[in-house]
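What follows is a set of notes on a single structure, which appears directly below.
The values are calculated or read from the model by the stated rules, or taken from the named source; none is laboratory data. Source: prediction; values computed, not measured. Backbone-built Cβ (ideal geometry, glycine too); neighbour counts: all protein chains shown.
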Ligand code: IPD
Ligand code: CA
């Protein structure tokens, strides 16, 4: 049945031209994420070669990032030929339906390169323009961690789910704790300058929280918030493909995802229960360089 997207306080995102069936978009996101997840695991070469570097010498692309994005593109084009597309490895097409698919073909590429199991594929249908900070929002998503066989999915107004071993469980965040007893995940960008002040912020936070985790894939970090495996997550310098899938999983599990303002931005993304998000933002705000806040 067709579902009308709900309004969102921070988004000036345009509504789609037709009312999309969000449950069907979620199913498609799951299908695409599963297919790409299978591809990157089954065809991962014994030694993964770096095909190119992007923003710095350590910001790498592998051939499998490109193949995974090509597979997602082909599946989405076949099933939804008029939708827009945006992906980390260059996918960029304008559509006519008001829906754009935002794809991270391998999130956690460095884990993938080293054979560490924490990598994901994130597939998200969004409304608005994901190329503009704050002007879009996800409406139906799936994030797969193929090494664990876990798929997180959600559609707006329809709840968040974890599919594993043939079962599906609804995700609901527990009641709020405070920052001092929170396990907080974060990540670091690829540029040295950004990392230097990210390090200063971590140093400030570490004595104020239970502990910090740096697991290596933003999409999975966000889903871990929704599953209660960490209490909060924050990072700076994220792109729409890092955030789009996990954002909706967190919100549909009862959490919030914000920037310094209502919507997450490249400058700052923070996720968790509202009380912890507020406390974390307060600490982070003082550390955001002028151009980050
Ligand atoms: C990266 C991961 C990492 C985060 C970086 C992202 P990639 O994405 O999500 O956890 O800290 O900011 O760029 O490059 O592996 O797709
Ligand atoms: Ca990514």
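Points worth noting:
- Residues satisfying the stated conditions in the range 182-194, i.e. more than 16 Å from ligand 2 (Cβ to nearest atom) and at pLDDT below 95: 192, 193
- Filtered by the rule that a residue be part of a strand (DSSP E or B) and within 16 Å of ligand 1 (Cβ to nearest atom), the range 59-91 gives 60, 61, 62, 86, 87.
- Residue that is farthest from ligand 2 (Cβ to nearest atom) [pool: residues in the range 112-139 that are within 20 Å of residue 50 (Cβ to Cβ) and over 16 Å from the mean Cα position of the chain (by Cα)]: 115
- Every pair of residues 6+ apart whose Cβ atoms lie under 9 Å, when the first sits in the range 23-51 and is in a helix (DSSP H, G or I) while the second is modelled with pLDDT of 95 or more and surrounded by fewer than 15 Cβ atoms within 10 Å (Cβ to Cβ): 28/79; 31/79; 32/79; 37/149
- Test result for residue 108, within 14 Å of ligand 1 (Cβ to nearest atom), within 13 Å of the chain's Cα centre (by Cα) and either crowded, with 24+ Cβ neighbours inside 10 Å or closer than 30 Å to residue 283 by Cα (or both): yes
- Pairs, first closer than 19 Å to residue 157 by Cβ in the range 235-247, second part of a loop (DSSP other than H, G, I, E, B), C-beta under 7 Å, six or more apart: 244/130; 247/264
- Taken together, 206, 171 contain a single residue that is away from ligand 1 (no atom under 12 Å from the Cβ) and surrounded by 22 or more Cβ atoms within 10 Å (Cβ to Cβ), which is 171.
- Matching residues in the range 41-84 - criterion: being within 18 Å of residue 141 (Cβ to Cβ) and within 16 Å of ligand 2 (Cβ to nearest atom): 68, 69, 72
- If the condition is being touching a helix residue (DSSP H, G or I) at 6+ places or on another chain (Cβ under 8 Å) and under 20 Å from residue 162 (Cβ atoms), then the range 222-241 contributes 222, 223, 225, 226, 230, 231, 232, 233.
- Within the range 207-235, restricting attention to residues that are outside any loop (DSSP other than H, G, I, E, B) and more than 22 Å from residue 110 (Cβ to Cβ), the residue that is farthest from ligand 2 (Cβ to nearest atom) is 207.
- Some residue of the range 43-57 being under 16 Å from residue 241 (Cα atoms) and in contact with a strand residue (DSSP E or B) (Cβ under 7 Å, 6 or more places away or on another chain): yes
- Residue tally, condition farther than 19 Å from residue 30 by Cβ, within 16 Å of ligand 1 (Cβ to nearest atom), in a loop (DSSP other than H, G, I, E, B) and in contact with a strand residue (DSSP E or B) (Cβ under 9 Å, 6 or more places away or on another chain), over the range 113-143: 3
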